[in-house]
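Single-structure report; data block below.
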């Protein structure tokens, strides 16, 4: 059977409608790759498989609708009959979108990075105002319901302030802080505060950097913060129910030099190391400069060394140091020319400051 878009016996309008419906078909391979690599859907396995099949079979549905419309036209020669399959598919897509948008929030339907986690909660109205960056509405709501400013969703423990910070909405952040939003309130999923979430961004915008400074001026801590992790389905594997995160470590690991500079300006400990226990012995973990070096954030490594980072601090069971790690790296025949050049420059910086008192 000839594909309807090439069948000259069909009316031109029907062929044009067919062309429109088939437009998304060529990108089907890319949709498949995206869903396999990036799809973060329901935690329910059957629902996840169903959604993946639905996403990746859309081209077959489109081709089927187009062909069915052509068959109906050839048989009945009626316009309204031939477009019934098209109308039904559009209706099904509309209903599916509506269902996805309005279904109740739950661990199997939402992740912690969308405002919809506040749907069906006392803070739903405030969440809409924060998402819209509507400071007048925020002021109105919080004037009558001040406790909502620190409301945390029951699934992930996300605060409105964190969302506003990540969105880069300076005015909204200021409005929430004026109403006593807690800058050190951490979520229950991974223990991140609004500041730590900003430190996690490799290339923060000017607005996000400005917000980070505003948070610091309102009491956000640059010290490592230990948070309680609520036990629920999506909780990452962990030996206990607490996690300790340091803003400087996060910013150094992501290579965010502007954020590193800001944190040091506000008193972050450049040589902080977390303690941990293994085999009944206590050891120290990486410092920020070592974390940056492992991530090949060479500009950040150099800056930290120039501002007091100690390259001779030992870490983990083998008591390795940043300098010994660098020397080992330079002996690796697989190191790229660029990495070798940058690593040698950093070693030179370390040797320059070798006599420094830390």
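The values are calculated or read from the model by the stated rules, or taken from the named source; none is laboratory data. Remember, predicted model here, so these are calculated numbers, not experimental data. Neighbour counts are summed over all protein chains in view; Cβ atoms, including those assigned to glycine, are modelled from backbone coordinates with ideal geometry.
Screening residue 53 against (1) over 30 Å from residue 9 (Cα atoms); (2) at pLDDT 90 or above; (3) in a helix (DSSP H, G or I) leaves a single unmet condition, (2). Just to be sure before I move on: is residue 268 part of a loop (DSSP other than H, G, I, E, B) and surrounded by 14 or more Cβ atoms within 10 Å (Cβ to Cβ) in the structure I sent? Yes; evaluated as a whole, the condition is true for this residue.
Would you mind stating whether residue 44 is at pLDDT below 75 and either closer than 17 Å to residue 21 by Cα or in the same structural domain as residue 20 (by TED's automatic domain parsing) (or both)? So residue 44 fits the description; yes. Looking across segment 2-25, just one residue is assigned to a loop (DSSP other than H, G, I, E, B), modelled with pLDDT of 80 or more and surrounded by 15 or more Cβ atoms within 10 Å (Cβ to Cβ), and that is 10. Do we have any residue at all in segment 136-156 that's buried (at least 18 other Cβ atoms within 10 Å of the Cβ), outside any helix (DSSP H, G or I) and without any contact (Cβ under 8 Å) to a residue 24 or more places away in the chain? Checked against the condition, which is being buried (at least 18 other Cβ atoms within 10 Å of the Cβ), outside any helix (DSSP H, G or I) and without any contact (Cβ under 8 Å) to a residue 24 or more places away in the chain, segment 136-156 yields no hits at all.
Residue-wise test of (1) in contact with a helix residue (DSSP H, G or I) (Cβ under 6 Å, 6 or more places away or on another chain); (2) assigned to a loop (DSSP other than H, G, I, E, B); (3) more than 19 Å from residue 222 (Cβ to Cβ).
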{"residue": "277", "(1), (2), (3)": "no, no, yes"}
{"residue": "286", "(1), (2), (3)": "no, yes, no"}
{"residue": "343", "(1), (2), (3)": "yes, no, yes"}
{"residue": "357", "(1), (2), (3)": "no, yes, yes"}
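Taking the criterion of being in a loop (DSSP other than H, G, I, E, B), in contact with a helix residue (DSSP H, G or I) (Cβ under 6 Å, 6 or more places away or on another chain) and over 16 Å from residue 181 (Cβ atoms), the only residue of segment 205-230 that qualifies is 222. Yes or no: segment 166-175 includes at least one residue that is more than 24 Å from residue 226 (Cβ to Cβ), assigned by TED's automatic domain parsing to the domain that holds residue 224, in contact (Cβ under 8 Å) with a residue 12 or more places away in the chain and within 16 Å of the chain's Cα centre (by Cα). There is at least one residue in segment 166-175 that is more than 24 Å from residue 226 (Cβ to Cβ), assigned by TED's automatic domain parsing to the domain that holds residue 224, in contact (Cβ under 8 Å) with a residue 12 or more places away in the chain and within 16 Å of the chain's Cα centre (by Cα).
When residue 263 is tested against (1) in a strand (DSSP E or B); (2) buried (at least 21 other Cβ atoms within 10 Å of the Cβ), only condition (1) is not met.
For segment 186-200, indicate whether the set of residues that are surrounded by fewer than 17 Cβ atoms within 10 Å (Cβ to Cβ) and either in contact with a helix residue (DSSP H, G or I) (Cβ under 9 Å, 6 or more places away or on another chain) or touching a residue at least 60 places away in the same chain (Cβ under 8 Å) (or both) is non-empty. No: zero hits.
Here is a yes/no grid of residues against (1) assigned by TED's automatic domain parsing to the domain that holds residue 250; (2) in contact (Cβ under 8 Å) with a residue 12 or more places away in the chain; (3) loosely packed, with under 15 Cβ neighbours inside 10 Å:
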| site | (1), (2), (3) |
| --- | --- |
| 275 | no, no, yes |
| 284 | no, yes, no |
| 290 | no, yes, no |
| 316 | no, yes, yes |
| 327 | no, yes, yes |
| 331 | no, no, yes |
| 335 | no, no, yes |
| 338 | no, no, yes |
| 354 | no, no, yes |
